[in-house]
C-alpha cells in the first residue's frame with residue numbers, strides 16, 4: 001500500500017544544552033509541581049488534625065505533625081525511589097538498627113516516624129473541593145486529578161516519539177478495596193489499577209496515558225466517530241495528538257477493528273494488530289479456511305490487509321501498513337525454511353513498548369499495605385516520570401560514559 005510519509009520530528013522538544021542529569025528529572029517534576037504537593041499535604045494535615053482532634057490519642061504519631069516544605073518533600077520522594085533499589089520486607093525495616101538489616105542512608109535522611117507521617121498526610125488536592133459521590137459530575141480520580149493532568153501534559157510537551165508507536169494496557173499493583181480495581185491474569189501484578197498507555201516502540205517512552213475507572217468511564221475524544229466503542233475511543237484519545245504525521249501504530253486484539261483502522265488511515269496514521277476472529281468486518285473465509293502449519297492466507301480491501309497465519313495456533317492480523325510478503329526467520333539461531341508474514345514480524349518487534357515499561361518499573365512496585373490507592377498510583381506515575389526522564393537523557397546524551 002501507499003503509506004503516508006512520516007513527517008514527525010521525534011526527540012526532545014526542550015533545549016537541553018548544559019543540562020545535568022537532574023535537570024531531565026525537573027522537566028517532569030519541577031519545583032512548582034512539588035510545591036503544590038507540599039501545599040496540599042499541609043492543607044490535608046491541618047484538616048485531618050482539626051477533624052480528628054477529639055479522637056487522637058496522645059501517643060499518636062499525628063500529634064507530632066509540623067508543616068512540611070520543599071526540600072523535605074524531595075527527601076521523602078528520594079527515599080521512596082530508593083526503596084525500589086533496596087528491597088526489604090516492610091517499611092519499618094528500612095530504619096532497622098540491626099547490623100544485618102541496617103541501611104544508613106534512611107535514618108541519616110529522615111526519621112522513620114517522620115517518613116510514615118509524611119506518607120500518611122501526602123495529598124494532591126483539597127478535599128473540601130470534592131463533589132458528593134452521587135453528583136453526576138463526581139470524578140472517581142479526584143484525589144489524584146492534578147497529578148494526572150500534569151503528567152499527561154508534560155509527557156507530550158517534552159518529547160515526541162519516533163515513527164513506530166504502540167498502545168497497550170498496564171496494571172499498577174493494588175489489592176485493596178477499590179471500585180475500579182481490575183483483574184488481568186496475563187499481567188504480572190494481576191490485580192490493580194489499569195492504565196492504557198501509548199509508548200514509543202523503540203524506547204518505551206510513555207507519551208500519553210489514560211486511567212480506567214470502570215465500565216461507566218466517560219471518554220469522548222474530539223473528532224472521534226460516534227459509532228466507536230470504548231476500546232476504539234481509547235486509541236483515538238491516546239493517539240490524536242500524533243495524527244497526520246505518518247506514525248505506524250501497533251495494537252493488540254482488544255483494540256484492533258476494521259472501522260478503527262479505516263478512520264486512522266484517514267488521518268495519515270497506519271496501524272497493525274492482532275484481531276479476534278469474530279470481530280465485525282473480518283473476512284469469515286479466512287477464519288474457516290484450514291491451513292497447514294507455516295501457511296498463510298490473505299485478503300485485501302483497499303488499504304486493509306486481513307491475514308491468517310498458521311503457527312502453533314492460527315494468528316489473525318489486520319494491517320494498513322503491510323502487504324502479504326513473508327521473510328525467513330531464525331530458529332534456535334539458524335535461519336530455517338520457516339517464513340513468517342512481515343506484519344507478524346513487525347508486530348512482534350514494535351508491540352513491546354508498554355511491556356518494556358512494566359519490566360523496568362517492576363522493582364519500584366510500592367510496598368502494598370502502606371499505601372491507599374491514589375498514593376500508590378501517584379508514586380507509580382512519579383516512577384514513570386523518572387523513567388521518561390532517563391529515556392530523554394539517553395536520547396540527548398547518546399555517547400557512553402566509557403570514553404577512551
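No value in this document is a laboratory result; all are computed from the given coordinates. Remember, predicted model here, so these are calculated numbers, not experimental data. FYI the Cβ positions are ideal-geometry reconstructions off the backbone, even for glycines, and counts take in every protein chain you see.
Based on the Cβ-Cβ distance from residue 101 to residue 49, what FRET efficiency comes out when R0 is 30 Å, to the nearest 0.05?
Result of the calculation: an efficiency of 0.35.
Treating each Cα of segment 226-270 as an identical point scatterer and ignoring solvent, apply the Debye formula and state log10 I(q)/I(0) at q = 0.15, 0.20 Å⁻¹.
Normalising to I(0) and taking log10 leaves -0.31, -0.56.
Please work out the FRET efficiency for the pair residue 82 and residue 36, using the Cβ-Cβ distance as r and a Förster radius of 25 Å; give the result to the nearest 0.05.
0.60
State the extension gain, in nm to one decimal, for the chain segment bounded by residue 218 and residue 153, taking 0.36 nm per residue of separation less the distance between their alpha-carbons.
21.5 nm
Pairing the Cα long axis of helix 145-158 with the longest principal axis of the chain, what angle in degrees results, from 0 to 90 and rounded to the nearest 10?
50
How far apart, in nanometres, would the label points at residue 313 and residue 259 be if each is projected 7 angstrom from Cα along the Cα-to-Cβ direction?
Rounded to a tenth, the inter-label distance reads 2.7 nm.
For every helix of n ≥ 4 consecutive DSSP H residues, a contribution of -39,500 (n - 2.57) applies; sum these over the chain, divide by its total residues, and give [θ] at 222 nm rounded to the nearest 500 deg cm²/dmol.
Helix contribution divided over all residues of the chain: -10000 deg cm²/dmol.
Once you have a ≥ b ≥ c as the square roots of the Cα gyration tensor eigenvalues for segment 1-81, tell me rounded if a/c is under 1.5, and otherwise prolate or oblate according to whether a/b is larger than b/c.
Since a/c reaches 1.5 and a/b is larger than b/c, the shape of segment 1-81 is classed as prolate.
Compute the projected area of the convex hull of the Cα atoms of segment 11-136, averaged over all viewing directions, and report it in nm² to one decimal place.
12.6
At 1.567 mPa s and 4 °C, plugging the Kirkwood radius over alpha-carbon pairs of segment 172-323 into Stokes-Einstein gives what diffusion coefficient in µm²/s?
76
Given springs between every Cα pair under 10 Å in a Gaussian network model of the chain, which of 192, 229, 84 has the largest fluctuation?
Most flexible of the set in this elastic network: 229.
Scale the Cα Rg of segment 82-157 by the rule-of-thumb value 2.2 N^0.38 Å and send over the ratio, two decimals.
That ratio works out to 1.60.
When a/c is below 1.5 the answer is rounded, else prolate if a/b is larger than b/c, else oblate, so apply that to segment 184-265 with a ≥ b ≥ c taken from the square roots of the Cα gyration tensor eigenvalues.
oblate
What does the highest-first list of 136-146, 314-324, 338-348 look like by mean Cβ count within 10 Å?
Going from most to least packed, we get 314-324, 338-348, 136-146.
Please work out how much length the chain gains when fully extended from residue 181 to residue 71, using 0.36 nm per residue of separation minus the C-alpha to C-alpha distance, in nm with one decimal.
36.2 nm
Between the helical axis of 70-82 and the dominant principal axis of the chain, each derived from Cα atoms, what acute angle in degrees is found, rounded to the nearest 10?
Computed tilt is about 50 degrees.
Once segment 249-348 is represented by equal point scatterers at the alpha-carbon sites, with solvent omitted, what log10 I(q)/I(0) does the Debye formula produce at q = 0.20 Å⁻¹?
Values, matching the q order: -0.97.
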